[in-house]
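Report on one structure; see the data block that follows.
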Amino acid sequence: MRGQPREKPSTRQLSLLVTPSRAPTPHLNPLPGGERKPRQKPPARAATVLSWSLPLFAAALQLTGCGVHSGYPNHAPAPSLVEPGTSPHDNQQVYLQLIRKMQQQGAYYASLAHIDAYRLQYGNPPELRRLQADALRETGQGSAAVPIYRGLLRGDQSAAAWHGLGLIAASSGQNEEAVQDLQKAVDIEPINAAYLSDLGFARMRAHQIAAAREPLAKAAQLSPSDAKAVSNLALWSLLNGNAQQADAIMQQAKLPQATRDAVLHMAVQMRKAPAPAAKTTTTSASTTAVATTTKPVSPGMPHQVPVPPEFSGIPGGVLDRFGNTTSTHEANP
């Protein structure tokens with residue numbers, strides 16, 4: 001009321017007025033037994049930023065061609081001959097197919113390395129030995145391939161072994177021996193167009209023109225889309241004096257002009273090559289000696305060397321089959 005004196009504030013009230021305000025006590029969560037614990041503080045801003053930046057960093061690596069695996073960036077693997085999702089070392093048939101594919105692509109040295117690895121893991125089956133002999137022959141190691149081929153003359157690789165021996169003989173100018181070996185390969189696999197075509201070409205090199213007609217015709221009819229067989233048949237027609245027929249064969253097969261010119265040039269070279277000398281027999285009272293003149297080598301023919309530039313247009317069946325440029329073991333058509 002007016003006129004009554006005001007009460008003086010107590011000491012406690014004065015302390016509350018002058019004491020600076022403090023931060024409020026954090027809310028406590030009750031625990032069983034009456035105990036309380038303070039709430040956990042929210043994560044720091046730096047941790048939040050880091051949690052967002054890590055996914056962005058991983059995405060950036062993927063966009064630049066890298067991935068993250070066990071904390072390390074992984075670059076995309078280089079192309080390989082192995083099919084995706086396969087492990088040749090764990091599958092015997094897949095591994096063998098890989099070696100075949102290498103040889104089809106001309107990677108004969110690489111196939112030799114894998115042949116050694118295959119042998120350590122799976123043994124040394126006949127087909128692996130034949131693949132080894134093919135690779136040795138194609139890399140100019142014919143003398144090392146011969147004993148391997150000879151060890152395969154009995155069994156399921158015998159035709160391929162005779163074929164390999166025939167090609168080695170032909171590459172060294174032993175045309176008659178090549179004819180004999182290739183004939184044995186054809187006797188075992190009579191519908192193998194590659195063997196028939198090579199036999200016909202070997203006979204042409206040995207100046208057995210009439211005998212070359214049948215295997216060449218069989219090869220061309222068994223595999224009419226094979227440029228090798230068609231080219232060999234056209235070459236035979238030229239050597240037989242029928243240029244019109246040879247031109248018709250090459251036109252029907254749609255051989256490029258460079259291949260046609262090379263076939264014509266090959267026919268000229270084979271006509272110029274001298275025929276092999278005949279064998280002469282000398283008889284005495286005690287012994288019979290057979291003296292055989294060394295067979296001349298046709299000029300311009302390869303002998304374990306790459307195909308000369310002037311013959312580069314000829315398909316493998318015409319020329320390369322007797323050099324070191326193509327694979328020689330082909331499956332039956």
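The values are calculated or read from the model by the stated rules, or taken from the named source; none is laboratory data. Every value quoted in this text rests on a predicted model; they were computed, and no experiment measured them. Don't worry about glycine lacking a Cβ; one is built from the backbone with ideal geometry, like all the others, and counts go over all protein chains shown.
Name the residue that is modelled with the lowest pLDDT, counting only residues in region 79-137 that are among the β-branched types (Val, Ile, Thr) and in a helix (DSSP H, G or I).
Residue satisfying both the conditions and the ranking: 94.
Okay, residues lined up against (1) more than 30 Å from residue 150 (Cβ to Cβ); (2) in contact with a helix residue (DSSP H, G or I) (Cβ under 9 Å, 6 or more places away or on another chain):
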site: 192; (1), (2): no, yes
site: 196; (1), (2): no, yes
site: 199; (1), (2): no, yes
site: 203; (1), (2): no, yes
site: 213; (1), (2): yes, yes
site: 216; (1), (2): no, yes
site: 230; (1), (2): yes, yes
site: 241; (1), (2): yes, no
site: 249; (1), (2): yes, yes
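Name the residue, out of 188, 209, that is under 18 Å from residue 271 (Cβ atoms) and among the β-branched types (Val, Ile, Thr).
Step by step, each of 188, 209 is checked, and only 209 is under 18 Å from residue 271 (Cβ atoms) and among the β-branched types (Val, Ile, Thr).
For region 141-199, what are the residues that are among the basic types (Lys, Arg) and either closer than 17 Å to residue 232 by Cα or surrounded by fewer than 18 Cβ atoms within 10 Å (Cβ to Cβ) (or both)?
The answer is 150, 154.
Condition check: surrounded by 12 or more Cβ atoms within 10 Å (Cβ to Cβ), at pLDDT below 95 and within 25 Å of residue 173 (Cβ to Cβ). Does residue 278 satisfy that?
no
Which of the residues that make up region 100-140 are surrounded by fewer than 18 Cβ atoms within 10 Å (Cβ to Cβ) and among the basic types (Lys, Arg)?
Of everything in region 100-140, those that are surrounded by fewer than 18 Cβ atoms within 10 Å (Cβ to Cβ) and among the basic types (Lys, Arg) turn out to be 100, 101, 119.
Does residue 266 meet the test of being at pLDDT 90 or above, surrounded by 11 or more Cβ atoms within 10 Å (Cβ to Cβ) and more than 19 Å from residue 205 (Cα to Cα)?
In short, no.
Can you name the residue in region 232-259 that is touching a residue at least 40 places away in the same chain (Cβ under 8 Å) and crowded, with 22+ Cβ neighbours inside 10 Å and, of all such residues, is farthest from residue 193 (Cα to Cα)?
Among those residues, the one meeting the criterion is 235.
In region 144-174, which residues are out of contact with any Leu (no Cβ under 9 Å at 6 or more places or on another chain) and without any contact (Cβ under 8 Å) to a residue 40 or more places away in the chain?
147, 151, 152, 154, 155, 156, 157, 159, 168
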